[in-house]
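To keep things clear, I will list the structure first and then write my remarks on it.
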Amino acid sequence: MIEMWELLLKSRKAIFGLVVLIVFILLGTVGPLFVGDPYNMNLNQMGRPPSLAHILGTTSFGQDVFAQLCNAVGNSLLVGLVAGVLGTLIAVFVGAVGPYIGGLADRISNLVTNLALVLPLIPLFIIIASVVRGLNLVLIGIILAVTAWPWAARSIRSQMLTLKEREFVNLARMSGDRAVRIVVTEILPNMMAYIMMVFVILTGTAILTESALSMIGVSTTPTITLGYMLYWAQHETIVPFWWNIWWWFIPPGIVLTVILTAFFVIHAGLDEVFNPKLRRV
Amino acid sequence: MTEHILEVEDLRGYYRGVFGVVRAIDGVSFNLDRGTIMGIAGESGGGKSTLAQLVSGSPPPLLHREGGRILVDGIDIYNIDPEELRTEVKCKRMSYVPQASMESLNPVKRIRDFIFDVVGQRTGRRVRSKERKAEILEMAANHVKTLGLNSSVLDLYPHELSGGMKQRVVIAISTLWNPKLLVIDEPTSALDVTSQKRMIKALLKLKRAGIIESMLYISHDLTSLRQCCARSMVMYAGKVVEIGSMDETINDPLHPYSQLLGAAIASYDPKGRRQDTLQSIPGSPPDLRNPPSGCRFHPRCPYAMDICKTTDPPMFTVGNGSRQAACWLLKSKAGE
Amino acid sequence: MINEDVTGSDDVLLKCENLTKIYTSGLIRTKTVAGAKNVSFNIKKGEIVSLAGESGSGKSTVAKMILMLLRPTSGHIFLNGKDISLYNIRDYYRQVQAVFQDPYSAFNPFYKVDHVISRAFGLRQDNPDEDERKEIIESTFLSIGLNPSEVLGRYPHELSGGQMQRLLIGRSLLIGSQLLIADEPTSMIDASTRAGVLNLLLRLKEKEGLSVLFITHDIGQAQYVSERVLIMKEGEIVEQGSVNDVFTNPNHPYTQELLASVPSLYEKWEELT
Ligand SMILES: Nc1ncnc2c1ncn2[C@@H]1O[C@H](COP(=O)(O)OP(=O)(O)OP(=O)(O)O)[C@@H](O)[C@H]1O
Ligand SMILES: Nc1ncnc2c1ncn2[C@@H]1O[C@H](COP(=O)(O)OP(=O)(O)O)[C@@H](O)[C@H]1O
Ligand code: SF4
Ligand SMILES: [Mg+2]
Ligand SMILES: [Mg+2]
């Protein structure tokens, strides 16, 4: 256990990614408190380039881009977090509990996973999003979670199958422990590395999916996310050519890229730390 | 071309971590001749697996080589770039099968698909085309057959195989590229006598079929080492205590530790049950974070003398030069 | 020879009657494997019985059924004359405990080894407090040659195989078990440590009247440690009797074959060289 943290701290990649992410988390949580109302349209200041008053300029509605960006970072991370946490929970539940109990429970959970894998869930999501009104961020996060867990459940299942054969599980049973307690206290801690990896991937993917969907105009909610900013930057320009208002779409674009890169780098760092130990032939 | 397939010179390998510095390999030197099988015996925690991991060229994260050289087929494996190590040494010249490696088979993949993954990883190129798959399967089937398994095991999942079968499958995969040297850690320890016998036969067959040339065979089980190794090396607490031919080490051990190790084995006697109590070596192996001064065996050695507590015994050469042991008792016998 | 009748004598601790376990696997094309077929034997109080056979012969299956980790397909197990399915789980585990083959997998790498010991105290009825626990641990561990300060507070990978196996034996002594199921407890540890564990089992049998089912594939160890031996093949007990009879005069062809494949330290198998 100690070894795991120590190794993690040794991985420059993981540390680098984490630091970048923390910066954005701060920007997204503390930032909005300082920047004023991102929706406030200042009709005298429409489509202005960066200046001292508006460090990233204003949108063509006269809204402050930096204020929007801070809110967008927070909201996008929120979607990612909701999807990441929930998706991980579902994956752990389906991937760990069924196989631990074994027999019919395992077959059912395996079947559900495989079905979910072959169902075209993303298109389904697009349809839901375009039909249902009043989607909020949490709901979107939930839908993304529900569509993204199957592959994770599968890899957790294979971990579970090896771990549950370990003798310490039998020893716990022989101390009179019940199944749920054994899964939670004996088995899951040993899968932490894997679960962390799943969480990182699910969160990163959810942020990307949400942005991609809002950018093409599906799932547009009145809440500002990075994808939302990109969508409006493309569609509502008072100036004839969109590149004339570069300060509106370049910041969210860069931020999105950097956040995703951070997730990718954390994932690579985790992989580097845990994989050589997990499979060595 | 040197006459040795493996040369290890004054090797040191330490684990560094929050627990301190574990001197798991501390000044180990030996050579392995081409075409020879050498057995490495010793107590649990004595550094056998650590040595194998160092020889493999990719020690695990906390293990560091802190000195010494390892030459595999004349190539200094810690002095070439990683890419060359991967392409020139690993697979072609040397293959390493770790302890408990049968657990590394992917439980949710058929053996054949797992092999494609391994080949993909090793060559840096994923195996996709039908022809390449067929080619790899043919190689694998050939090795699997040499090891005494039916080639249909390639279509099975790991949980459908017994421990001994999984172990042999892993060996087949590791020797896919016909390495000159096979470093194998405890291949028989988890197996029963009948499977042990099969495994040892399989390994010997691998050598006879020319798939491998030499082998470093690690086991704490002297009895099974005895069945297939020509040379032997006994390790204690991170050091080599005795090197010699297997026969001599068993029948006439030089070092007190080797003697006690032989006496602690409960062997089967067809004539009836033994009446005396088995001897176990008193005390426990030293904490390698803080090894004893002088001879590392002195706290447990029945013959310990004053010099043993202060000065580390060098390797004394005995007889015609093929036997060496590190014990002060041999100072007078050694031709110095 | 088979099914020596010791029923009725009251020093029988454990009695297995026609234990059978059929494993089914596969989702659509189900395969069945008989892990154990009609296994019957007794273990008396203060006796070490060896169960020997090659891997896959069903030794662990029998062990797991006795440990209630597997439900028998048919057959019964009695502890002190009472069917084990009638026991309260915790009462049962207070009397029957186990040591497994792979010490490294018997400890959860996530926790310090103390975890296993403190969980074991949960089975005791007397609920000792911190200080009493310390005392109990101290005296039990010293009796089996373990220095508590040397093993407690450490992670499993920081201990040697022998220390871990002793720790597990210590655990079952803490619980106060009468029967220890030792499933190949020495196969992953080296000879000198192994001799220590075997001697410990013999001593506990003499002093504490502990009964042990010693499962092994190593004939030498079975011969050294036990009075009676059961030879298993493909789920069935093919021969049982006293160690001296079975190992010097094997009746069943399988036993003869098994004894012939035992490697000896002092001679090589001819066909190999
Ligand atoms: N990952 C690790 N971190 C710290 N110390 C370690 C680690 N792995 C091994 N050691 C220590 O290094 C020493 C040598 O261990 P090694 O695994 O090489 O022994 P071994 O001879 O192969 O034993 P066995 O017969 O049990 O396989 C021991 O003292 C052990 O505690
Ligand atoms: N969980 C399981 N599912 C299916 N078959 C099993 C299972 N466990 C053991 N077996 C089979 O039962 C037989 C006996 O196995 P086991 O009791 O583990 O033998 P031993 O302990 O003697 O090595 C073997 O054929 C094995 O493949
Ligand atoms: S050098 Fe001394 S202590 Fe070491 S083995 Fe020889 S006699 Fe024993
Ligand atoms: Mg080892
Ligand atoms: Mg078994």
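Observations, loosely collected:
- Vicinal HN-Hα couplings computed from phi for segment C:60-67 (Karplus, 6.51 cos²θ - 1.76 cosθ + 1.60; Hz; Gly/Pro x): 5, 4, 4, 4, 5, 5, 5, 7
- Threshold 40 Å² - residues in segment C:107-138 whose accessible area is reduced by that much or more when the chain is no longer isolated, probe 1.4 Å: C:N108, C:P109, C:F110, C:R119
- Taking N as its residue count, the alpha carbon Rg of the protein assembly as shown over 2.2 N^0.38 Å: 1.09
- Set of aspartates and glutamates with alpha-carbon distance to C:K134 below 18 Å, sequence-local pairs under 8 removed: C:D114, C:D126, C:E150
- Bridgeable aspartates and glutamates around B:K201 (alpha carbons under 20 Å apart, same-chain partners fewer than 8 residues away excluded): B:D185, B:E186, B:D192, B:E213, B:D221, B:D247, C:E54, C:D218, C:E257, C:E267, C:E270, C:E271.
- List C:E206, B:E9, ordered by accessible area with a 1.4 Å probe, largest first: C:E206, B:E9
- Only the Cβ atoms of Lys and Arg (+1) and of Asp and Glu (-1) were treated as charged; on that basis the dipole of the protein assembly as shown about its Cα centre amounts to roughly 1580 debye.
- Dividing the summed helix terms, -39500 (n - 2.57) for each DSSP H run of n ≥ 4, by the number of residues in the protein assembly as shown produces a 222 nm estimate of -13000 deg cm²/dmol to the nearest 500.
- Using the 1.4 Å probe convention, the accessible area of the protein assembly as shown works out to 43 Å² per residue with neighbouring protein chains retained.
- DSSP beta bridges in the protein assembly as shown [antiparallel fraction, %, rounded to 5]: 60
- Under the criterion of Cα pairs below 8 Å and six or more residues apart, the relative contact order for segment C:12-272 equals 27 percent.
- Cβ charges +1 (Lys, Arg) and -1 (Asp, Glu), total dipole of segment C:192-273, debye: 440
- Here segment A:64-177 has 71 percent of its accessible surface on carbon and sulfur atoms, given a 1.4 Å probe and all protein chains in place.
- Charge dipole (debye, nearest 20) of segment C:12-272; +1 at Cβ of Lys and Arg, -1 at Cβ of Asp and Glu: 800
- Sorting A:T257, B:T310 on solvent-accessible area from highest to lowest, probe radius 1.4 Å, gives B:T310, A:T257.
- Farthest toward positive dipole pole in the protein assembly as shown [+1 Lys/Arg, -1 Asp/Glu at C-beta], among B:G321, A:S155, B:I77: A:S155
- A viscosity of 1.567 mPa s and a temperature of 4 °C, combined with the Kirkwood radius over Cα pairs in Stokes-Einstein, give a translational diffusion coefficient for segment B:4-330 of 62 µm²/s.
- Area buried, chain C against chain B - accessible surface, total, 1.4 angstrom probe, square angstrom: 4100
- Using alpha-carbon coordinates, inclination of helix B:111-123 to the longest axis of chain B, degrees: 80
- Residue pairs, from the table B:K309/C:K112; C:K37/C:K207; B:K48/B:K180; B:K271/C:K82; B:K133/C:K21, whose Cα atoms sit over 32 Å apart: B:K309/C:K112; C:K37/C:K207; B:K271/C:K82; B:K133/C:K21
- Cα-based helix-to-principal-axis angle, C:191-208 vs chain C, degrees rounded to 10: 80
- Electrostatic bookkeeping for C:L69 treats Lys and Arg as +1 and Asp and Glu as -1; over the other residues with beta carbon under 12 Å from its beta carbon, the sum is +2.
- Buried surface for the A/B pair, taken as the accessible area of each chain alone minus that of the pair with a 1.4 Å probe, is close to 1200 Å² in total.
- Counting DSSP beta bridges with both ends in segment C:182-273, the antiparallel % (nearest 5): 75
- Principal-axis analysis of the Cα atoms of chain B puts helix B:130-146 at an angle of about 40° to the longest axis.
- Total formal charge among the other residues, if their Cβ is under 14 angstrom from that of B:M94, Lys/Arg +1 and Asp/Glu -1: 0
- Percent carbon-and-sulfur accessible area, segment B:2-111, ignoring ligands, DNA and RNA, probe 1.4 Å: 47
- Residues whose placed amide H lies under 5 Å from that of C:E239, excluding near-sequence neighbours: C:I231
- Taken across both chains, chains C and A shield about 2200 Å² of accessible surface from a 1.4 Å probe.
- Placing unit charges on the Cβ atoms of the charged side chains and taking the dipole of the protein assembly as shown about its Cα centre, the candidate lying farthest along the positive direction among B:L278, C:P185, A:A233 is A:A233.
- Carbon and sulfur %, accessible surface of segment C:12-272 computed with the full protein complex present, 1.4 Å: 46
- Cα Rg over Rh - segment C:12-272, Kirkwood: 0.98
- Straight-line cross-link partners of B:K130 among the aspartates and glutamates, defined as a Cα under 13 Å from its Cα and at least 8 positions apart when in the same chain: B:D113, B:E138.
The values are calculated or read from the model by the stated rules, or taken from the named source; none is laboratory data. Quantities reported herein were computed from a predicted structural model and do not represent experimental measurements. With ideal geometry, Cβ positions are generated from the backbone for all residues, glycine too; neighbour counts draw on all protein chains shown. Note: areas computed on protein heavy atoms with side chains; ligands, DNA, RNA excluded. Shrake-Rupley method; radii C 1.70, N 1.55, O 1.52, S 1.80 Å.
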